[in-house]
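The values are calculated or read from the model by the stated rules, or taken from the named source; none is laboratory data. Nothing here was measured: the structure is a model prediction, and the numbers come from that model. In this analysis, Cβ positions are derived from the backbone assuming ideal geometry, glycine residues included, and neighbour counts consider all displayed protein chains.
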Amino acid sequence: MRDHRVLRGVTALTLALALLFHGSVLGAPKAAAESISGLKARLSALEEQEAENADRLDALREDASQKRAYRDAMKEKIDIVQQQLDVLIQRIRALDDAILEGEAEIADTKASISANFDKLKDRLKTMYMTGDATTLSILLRSTSLVDYQQKSEVIRAITDHDTALLDTLEADLHSIEDKVEEINAQKYQLGEDKKALDSKSKELSALYEESERLLQEAEANEAEAQAEAERIALEKAETDAAIDQWYAEYYAALEAANKNAAGGVGYIGTGAFVWPMPGYTMITCYFGEDGHRGIDIAGVGIYGKDIVAADAGKVIYAGWMGSYGNCVFIDHGNGYSTRYAHASALAVSEGDEVQIGQTIAYVGSTGNSTGPHLHFEVLYSGSLTDPFNYF
């Protein structure tokens, strides 16, 4: 039983009825009743606005959270693609270096082939011009057959060596050209892969920008709803303060009227309370515990048991009241009032005068209740007090 809104509504109703009962004594103007009624209506409207705005704020927070997660996911994907692009760019640069190196090797090999070929041509030309290269010249200049064979072999060896060198250089040239061609093919493929990643990166960047825009809108809506929640809370606090002031002024006037009337209301209580739940003393929640406004009395088999008036007085409310469920409120005419909540059924009606210990209701679990029990409150001059102060 911690519903502040219900407490305010019930107290307002109590006071409005009390105004009717004590009107001849207090002479309270009609404007006072209209004032508390207006305050109660304003507070009720603010609580409805608060509930609606709270639902809207929860939805907006969830929406912003989802959009933030989507934005972050886009950023992660962009980072991954960028990492892949960085790797490709490094590989392309490495291939460019390899291509430059290969082209330099090709140029060097071609230069070597050209130089060696020129040397061979010059050597053969010189040998031809001096006559050293003909069979007759060799034979005439030989001192013997052995000398002729040796000279012929030297010339042939020189020619074979130059030819083999040129063949080797030519083979190296083809090998380097093939290698460069392969590197160029790899570079082309990497270039195609880079184009695909560039396209994907642009697409993700566009999605990221859109998600960022939507997130900013969602956060702005959330901030607006949060500001509205703060505005409502402030107005509620101001309305609560106005109601508290009304209560204070009313009870001060009521206390003064009671002193002057010397009990003229006709139902002054004894001021000595009896236990409202005969046979059951187990307390499941104490006054002030987590903001609790009274005490909760429970026990095995308590459902349907009699709830009795803690003191004599007049029933100023009997019926359903929000989180109180079925409840009874008694004004004891001496500044005290008591409340009995969560009943399964009621045994009195509004306006009934009751005696101390009289059955007024039966234990139940209606309203905001987690199980059969009696929620019991004691108020003095409109302020909640600890019920155990009176037992």
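Put simply, of GLY313, GLY351, GLY322, GLY371 the only residue that is in contact with a strand residue (DSSP E or B) (Cβ under 8 Å, 6 or more places away or on another chain) and at pLDDT below 90 is GLY351.
Of all the criteria given as (1) over 47 Å from the mean Cα position of the chain (by Cα); (2) part of a strand (DSSP E or B); (3) of a type in the set (S, T, N, Q), the one not satisfied by ASN334 is (2).
Candidates are the residues of region 355-370 that are hydroxyl-bearing (Ser, Thr, Tyr) and not in a loop (DSSP other than H, G, I, E, B); the one that is nearest to THR270 (Cα to Cα) is THR359. Within region 370-378, is there a residue that is assigned by TED's automatic domain parsing to the domain that holds ALA272 and more than 44 Å from the chain's Cα centre (by Cα)? No; the residues of region 370-378 include none that is assigned by TED's automatic domain parsing to the domain that holds ALA272 and more than 44 Å from the chain's Cα centre (by Cα).
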